[in-house]
């Protein structure tokens, strides 16, 4: 919705009614301008059943604004709102990929944050360090991000420590990021952190940014290194650096659609070289991805 509170479909439907243009005449005008759109498509647009996505459909919006005597760019701006709303609906459905998804989503909303950030992952590199006591110490994360719009560029990070102790990890911003607001929930071992680009990015601009997660001391040995994502992206690198005094016999990569599903019993064996296990996946789907091991 925009300043009037009306949606793309509502404004289009009202404009067609106010101008008294039947859909067949509107369709003829669009065809004559070189931007043909079917009557069925126009009907879907004005009822909200679908919205323009293809380049040919977007070109037709300019002629629609002329035919309906709307201000230039009015429908295009409303279309951006409609697309964002649809993306948010999809993301809410995928939110189960996040640790303690309901709590994480509520915390984000309380801060005015959204997981529908306009910064999109291109690649994600996560490197976990495990001590000689078999305990996770820190995790270094390097991201390549692309800005899709100039607004809502906060990057929410949810980190949960797999323990029963009342503790939370700590997030430190690195290259390209500054740390915004944080909310810790020790009884659920959860931290929500807001990371912000050091400057506003232009649409289409790329950024390499880093942050570090310092895990709180625990007694239970670490047996997993996971990364959750609500969107698909191009490249994921999961790496675990084990102390030479504590290297497991085998490590495997496994994935699942969300945190409600159990970790699969089997996966892809990941070689360990000089105490380092590394797995690279391209064209990564949304879900929970992880390296898993056990201690003899």
### Message
Looking at 280, 263, 240, 218 in this structure, which one is closer than 21 Å to residue 158 by Cβ and part of a strand (DSSP E or B)?
### Response
240
#### Entry: Which numbered condition residue 229 misses (of (1) modelled with pLDDT of 90 or more; (2) buried (at least 17 other Cβ atoms within 10 Å of the Cβ))
(1)
### Pick from segment 125-167, criterion assigned to a strand (DSSP E or B) and without any contact (Cβ under 8 Å) to a residue 60 or more places away in the chain, ranking: nearest to residue 185 (Cα to Cα)
157
#### Entry: Matching residues, segment 246-259, being within 25 Å of the chain's Cα centre (by Cα) and part of a loop (DSSP other than H, G, I, E, B)
257, 258, 259
### Task
Specify which of the listed residues (217, 221, 262) is farther than 30 Å from residue 147 by Cβ, more than 20 Å from the chain's Cα centre (by Cα) and without any contact (Cβ under 8 Å) to a residue 12 or more places away in the chain.
262
### Task
Within segment 185-198, count every residue that is free of Cβ contacts under 8 Å to residues at least 60 places away in the same chain and either crowded, with 16+ Cβ neighbours inside 10 Å or out of contact with any strand residue (DSSP E or B) (no Cβ under 7 Å at 6 or more places or on another chain) (or both).
7
### Query
Is it true that some residue in segment 173-183 is assigned by TED's automatic domain parsing to the domain that holds residue 280, farther than 28 Å from residue 279 by Cα and touching a helix residue (DSSP H, G or I) at 6+ places or on another chain (Cβ under 9 Å)?
yes
### Message
Looking at segment 136-145, can you tell me whether even one residue there is assigned by TED's automatic domain parsing to the domain that holds residue 206, under 12 Å from the mean Cα position of the chain (by Cα), over 21 Å from residue 243 (Cα atoms) and buried (at least 19 other Cβ atoms within 10 Å of the Cβ)?
### Response
yes
### Message
Looking only at segment 119-134, count every residue that is surrounded by 17 or more Cβ atoms within 10 Å (Cβ to Cβ) and out of contact with any strand residue (DSSP E or B) (no Cβ under 8 Å at 6 or more places or on another chain) and tell me the total.
### Response
1
### Query
residue 45 is checked against (1) closer than 16 Å to residue 8 by Cα; (2) modelled with pLDDT under 80; (3) surrounded by fewer than 16 Cβ atoms within 10 Å (Cβ to Cβ) and fails just one. What number does that condition carry?
(3)
### Query
Taking residue 249 and the conditions (1) surrounded by fewer than 17 Cβ atoms within 10 Å (Cβ to Cβ); (2) within 28 Å of residue 167 (Cα to Cα), which numbered condition does it fall short on, given that it satisfies the others?
(2)
### Of residues in segment 283-296 being part of a strand (DSSP E or B) and in contact with a helix residue (DSSP H, G or I) (Cβ under 9 Å, 6 or more places away or on another chain), the one farthest from residue 220 (Cα to Cα)
287
### Message
under 27 Å from residue 122 (Cβ atoms) and at pLDDT below 85: is that true of residue 153 in this structure?
### Response
yes
### Message
I'd like to know if segment 279-289 contains one or more residues that are surrounded by fewer than 19 Cβ atoms within 10 Å (Cβ to Cβ), more than 30 Å from residue 146 (Cβ to Cβ) and in contact with a strand residue (DSSP E or B) (Cβ under 9 Å, 6 or more places away or on another chain).
### Response
no
### Query
Out of (1) on the phi > 0 side of the Ramachandran plot; (2) at pLDDT 85 or above, the odd one out for residue 121 is which?
(1)
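The values are calculated or read from the model by the stated rules, or taken from the named source; none is laboratory data. Just so you know, these numbers come straight off a predicted model, no measurement behind them. A quick note on method: Cβ atoms are made from the backbone with ideal geometry, for glycine too, and the neighbour counts reach across all protein chains shown.
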